1. Multiply the residue separation of Ala26 and Asn53 by 0.36 nm, subtract the distance between their alpha-carbon atoms, and state the gained length in nm to one decimal.
2. Given a 1.4 Å probe and the protein chains all in place, what does the accessible area of Arg14 round to, in Å² to the nearest 10?
3. Mind checking segment 1-54 for chymotrypsin sites (Phe, Trp or Tyr not before Pro) that DSSP puts in a loop (not H, G, I, E or B) and that have at most 14 other Cβ atoms within 10 Å?
4. For the pair Ile34 and Thr5, what calculated FRET efficiency results from E = 1/(1 + (r/R0)^6), where r is the Cβ-Cβ distance and R0 = 41 Å, to the nearest 0.05?
Amino acid sequence: MTPVTRQEVLGLYRKVFQIAKKWQSASGQIEETIKEKEYIKNEAKTLFRKNKNVTDPKLIKQCIEECQARIEIGLHYNIPYPRPIHLPPMGLAHKQGRTLRHQEKLRKISKPIYLKSHDEVS
């Protein structure tokens, strides 16, 4: 990991914890706010520790982009949890002769970047 990348990752880690410190739930209830703050902290710790040994620059870049996307979406919608995608089962357009495996591959490709690590951890 280059020094610039390391600084960027550490900066994101700090940013997530600063967001968690200032977080207010959409409902305004204290219990809900505490629960959401804990979720943010635990999710960050889990994902950053899981990816601490990643050395591939492309994979590091992908993880950074995912983190940034999750931060932006969380702040925009005021929801710390990943927003689910709504694709009906086998709802992708299909041509004649496509198999079930191909449909599943298309489904995986169409998944937003901010949900890739969520499925791995959950």
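The values are calculated or read from the model by the stated rules, or taken from the named source; none is laboratory data. It should be emphasised that the depicted structure is a prediction, and the values quoted were computed from it without experimental measurement. Every residue, glycine as well, gets a Cβ built from its backbone with ideal geometry; the counts of neighbours run over all protein chains shown. Note: accessible area is taken over every heavy atom of the protein model, side chains too, but ligands, DNA and RNA are not part of it. Shrake-Rupley method; radii C 1.70, N 1.55, O 1.52, S 1.80 Å.
1. Gain on stretching Ala26 to Asn53: 6.2 nm.
2. 140 Å²
3. none
4. 0.80
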